[in-house]
Amino acid sequence: MNLILVAAAALVDVDGRVLICQRPEGKQLAGLWEFPGGKLEPGETPEACLIRELREELGIEVKAACLAPFVFASHGYDDFHLLMPLYLLRRWEGEIQQREHAALKWVRPGKLHEFPMPPADLPLAAYLRDFL
């Protein structure tokens with residue numbers, strides 16, 4: 001089975017809310033809510049991946065020192081296995097823009113369960129609820 005490495009970030013605002021993004025139509029798992037991030041490119045670190053992906057997806061600039069490793073997900077899908085570290089991020093530069101997702105939403109950690117998420121993201125939401 002193919003192993004896919006994806007890095008994700010839980011952006012936390014000053015009110016303690018977490019940013020979630022809705023996958024657009026035409027993509028696998030369209031309509032589900034996820035944490036921003038993406039697949040690592042060959043030779044790329046998870047931190048470098050997040051800096052690149054957050055710039056592309058949300059139009060913000062992030063410094064590696066602001067990415068705090070938090071928890072990871074390991075989930076087997078039908079045709080691949082996903083390994084996804086989740087980083088906490090409380091500082092970034094720029095205004096968040098909706099560039100690639102169908103929608104963006106700031107959600108209190110205790111309300112994340114109200115949004116349908118891919119199976120790999122579900123345990124991450126529970127950790128955020130308990131930690132934040």
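Every number in this text was worked out from the coordinates using simple rules, so none of it is lab data. Just so you know, these numbers come straight off a predicted model, no measurement behind them. All Cβ positions, glycine included, derive from the backbone under ideal geometry; neighbour counts span all protein chains shown.
So if each residue of separation counts as 0.36 nm, and I subtract the Cα-Cα distance between ALA64 and ALA48, what length gain in nm does that give?
Full extension from ALA64 to ALA48 adds 5.0 nm.
Quick check on the chain: of the DSSP beta bridges with both residues there, what percent are antiparallel, nearest 5%? Provide the component values of the computation, followed by the final result.
Values: 21 of 29 bridges.
For the chain, the DSSP antiparallel bridge percentage is about 70.
Once Lys and Arg get +1 and Asp and Glu get -1 on their Cβ, which of ILE4, GLN28, TYR87 lies farthest toward the positive end of the dipole of the chain?
Checking the options against the dipole of the chain, the answer is TYR87.
Let me understand the range 2-131 better: what is its radius of gyration from the alpha carbons, and its Dmax, in angstrom?
Final numbers for Rg and Dmax: 13.5, 39 Å.
Quick one: if you stick a label point 7 Å off each Cα along the C-beta vector at TYR77 and ARG55, how many nm between them?
So the two model labels end up 2.6 nm from each other.
Just need the relative contact order of the range 2-131 here, percent rounded to a whole number, with Cα pairs under 8 Å and 6+ apart.
The value is 33 percent.
What ³J(HN,Hα) values, in whole Hz, does the Karplus curve 6.51 cos²θ - 1.76 cosθ + 1.60 give for the range 4-21 when θ = phi - 60°, with x put for Gly and Pro?
Result, rounded to whole Hz: 10, 9, 10, 10, 9, 10, 9, 6, 10, 8, 5, 8, x, 8, 10, 7, 10, 10.
Report the charge-dipole magnitude of the range 2-131 in Debye, nearest 20, computed about the Cα centre from +1 at each Lys and Arg Cβ and -1 at each Asp and Glu Cβ.
Dipole magnitude for the range 2-131 comes out near 340 debye.
Between GLU93 and GLU41, what is 0.36 nm times their sequence separation minus the Cα-Cα distance? Round to one decimal in nm.
Values: separation 52, 0.36 × 52 = 18.72 nm, distance 2.35 nm.
Going from the current span to full extension adds 16.4 nm.
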